[in-house]
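Q: This is the structure I want to talk about, given as C-alpha cells.
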Amino acid sequence: DLNIIIIIIMCPIILCGCWNYREVDTLAIVAGMAIDKDMVTNKYIITTEIITTQAQGVSSIISSELFSSEGDSIFDAVRDLIAKTGLRLFWSDAKVVIVSDSIAKEGIIPAIDWTNRSNFVRPDMWLLVSNGNTAAEILKTKVKLNEVTSFHLDDTMNSWKVLSKFTDSMVWSFVDGLTSEGKSQAVATVKNELSNGTYSPLVDGSAIFKSDKLVGYLDGNETLYMLMIKNKIKQGLITLINVSGSKTNVTLEINDNRTKLTPIYKNGTVSMLLDIYPVVTIHEVQGTEDFMKDENLKLLQSETEKKIGSQIQTLINKLQKNYASDILGFGKTFYNEKPKVSESFKKNGKDIFTNMKTIINVHVQIK
C-alpha cells in the first residue's frame, strides 16, 4: 500500500532525535580536571574547571570556575560534583587531566582508569603530572584574566612539536603503552612558575614511569634528546657555548632528524648501536666568528656531534642507572629483531635494558 510506504519513509524524518540530548543550560561544561589525594583519609580529591560566560555589552566573555569534591573512587567524586554544580557534567570538551606527583608515585592507573574507560570522557585528553604543586594548584593559576587554564594548557601541549621540551602524552596512549614490551613511558610535567610577580603554569620536561609508577623526572633539555632517540623530534634548539674556544655562542635549530637503532648481540653481551642523523640550520651567532668558512663550519659540525653524543649518552646512563626505565624502547627493539636474546634474558631474570651497552654515532648536516 502506497500510504504505508509513505508513513514508513516519513517516520525516520519526523521522529529522529538524539537519545541523550540535553539543553546547554542544563549542563556544566568541563574544560579540564585535576586529581589529588588526601593521604590521611585516602580519598581522591577531584577539581574540575567549568566553563562560564559573562555578558559584557552585546558580547560574552568566556571564563571558568573551579569545583572540587572527594570520593573513595574517581567516579564517586565525579558524581558528587553534581551536587556542587547543580548540573550534569558535560565532558566532551575536556582537554587535560592533571595528576599529582604523590598519586603518580603510588600508581597512576587507579586515578585515570575512569577517564579512559568512560564513554562520556575523551580518551585523547592530555595527561600531565604536576611536579612540585598539587594538581589543583595548577588549575587555580591563570595566565590572563578570565582565561580558561585548561585551554591554555591544551594550546601549549599542541605546540610540543615546535618546542620539543615535553612529550605528547595522552590518556589513551599511556594506558595502551602498558601492554608493550618494557612498559615504561614518559608523561609531560607541569608546574607553577613565578613570572612578573604572578604564578602561571609551565609545561616543561617529562615524568618517567616504570609500569604505572612515577620513578623520576627529565628536564626539558633531556626530553629533547629523548625525543631525538625515539624519532619523535620535529623541531628544537641546540646552543653551543664558546665554540672551539672562540668566545662565540651558536644556536642551531633542528629541522629534521632520523635515528636508526641496531641491536647487537656478541659473546653474551647486548649492545645498541644508535646512528643519529640531525639536519640543523644556524639561527643565531653571538660573536664575530664567521662560521660560513669551511674550516669553521667543520669545527661547528664536529662540536655539535660531540654535544649531541654526550647528551644522549648521559641521558641513557640516567635512565639505566637511576630509573631502570626503558622509555626509549630499546628492549622492544631487541624483542622485535632478536626475540631469542630477549627471551634468554627474561628466563635468567635479567633486565635487558639495564644490562645494555650503547654505541652512539652522530652524523650532523648543517644547512
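Q: Under a 10 Å cutoff between Cα atoms, tell me which one of Asp168, Asp212, Asp351 has the largest fluctuation in the Gaussian network model of the chain.
A: With Cα springs under 10 Å in the chain, the top fluctuation among Asp168, Asp212, Asp351 is at Asp351.
Q: Roughly what would the spin-label model give for Lys350 and Lys144, points 7 Å off Cα along C-beta, in nm?
A: With each label point 7 Å from Cα toward Cβ, the separation is 5.7 nm.
Q: A further question follows. Show that you can apply the helix-only estimate: for the chain, add -39,500 (n - 2.57) for every DSSP H stretch of four or more residues, divide by all residues, and state [θ] at 222 nm to the nearest 500. Present the calculation step by step, with values, prior to reporting the outcome.
A: On the way: 12 runs with 119 residues, N = 367.
Result for the chain: -9500 deg cm²/dmol, rounded to the nearest 500.
Q: For all pairs of alpha-carbon atoms in segment 214-321, what percent lies in each bin of width 10 Å, listed from the first bin to the last filled one?
A: Per 10 Å bin, starting at zero, the Cα-Cα P(r) for segment 214-321 comes out as 12, 41, 30, 13, 3, 0 percent.
Q: Could you check what % of the DSSP bridge pairs in the chain are antiparallel, to the nearest 5?
A: Restricted to the chain, the bridges split so that about 70 percent are antiparallel.
Q: Treating only the Cβ atoms of Lys and Arg (+1) and Asp and Glu (-1) as charged, compute the dipole magnitude of the chain about its Cα centre; round to the nearest 20 debye.
A: Details: 40 positive and 42 negative charges, 275 e Å.
Charge dipole of the chain: 1320 debye, to the nearest 20.
Q: Let me check I've understood the local charge: for Ser73, count other residues with C-beta under 11 angstrom from its C-beta, Lys and Arg +1, Asp and Glu -1. What total comes out?
A: Numbers: positive: Lys43, Arg79; negative: Glu70, Asp72, Asp76, Asp80, Asp113.
Its environment carries a net charge of -3.
Q: Pull out a ≥ b ≥ c, the square roots of the eigenvalues of the alpha-carbon gyration tensor of segment 42-140, then state rounded if a/c is under 1.5, prolate if not and a/b is larger than b/c, and oblate in the remaining case. Could the numbers behind the result be given before it?
A: Values: a/c = 1.84, a/b = 1.62, b/c = 1.14.
It is prolate, given that a/c is not under 1.5 and a/b is the larger ratio.
Q: Right, another one. Count charges around Met292 for me, please; just the other residues with Cβ under 13 Å from its Cβ, Lys/Arg as +1, Asp/Glu as -1.
A: Details: positive: Lys293, Lys298, Lys367; negative: Glu289, Asp290, Asp294, Glu295.
Combined, the nearby Lys, Arg, Asp and Glu give -1.
Q: Can you check how the C-alpha radius of gyration of the chain compares to 2.2 N^0.38 Å, as a plain ratio? Could you put the intermediate results ahead of the total?
A: Values: Rg = 25.4 Å, N = 367, 2.2 N^0.38 = 20.7 Å.
For the chain, the normalised Cα radius of gyration is 1.22.
Q: Also, quick follow-up: Which value, in Å³ per residue, describes the convex hull spanned by the Cα atoms of segment 178-234? It would help to have the intermediate numbers written out before the result.
A: Values: hull volume 5.7 nm³, N = 57.
It is 101 Å³ per residue.
Q: On alpha carbon coordinates alone, what is the Rg over Rh value for segment 121-252, Rh being the Kirkwood radius? Working shown, then result.
A: Values: Rg = 16.5 Å, Rh = 16.1 Å.
With Rg and the Kirkwood Rh in hand, the quotient comes to 1.02.
Rule-based calculations on the coordinates, nothing more; no lab input. Since this is a predicted model, take the numbers as computed values, not measurements. All Cβ positions, even for glycine, are placed from backbone atoms using ideal geometry, and neighbour counts span all protein chains on display.
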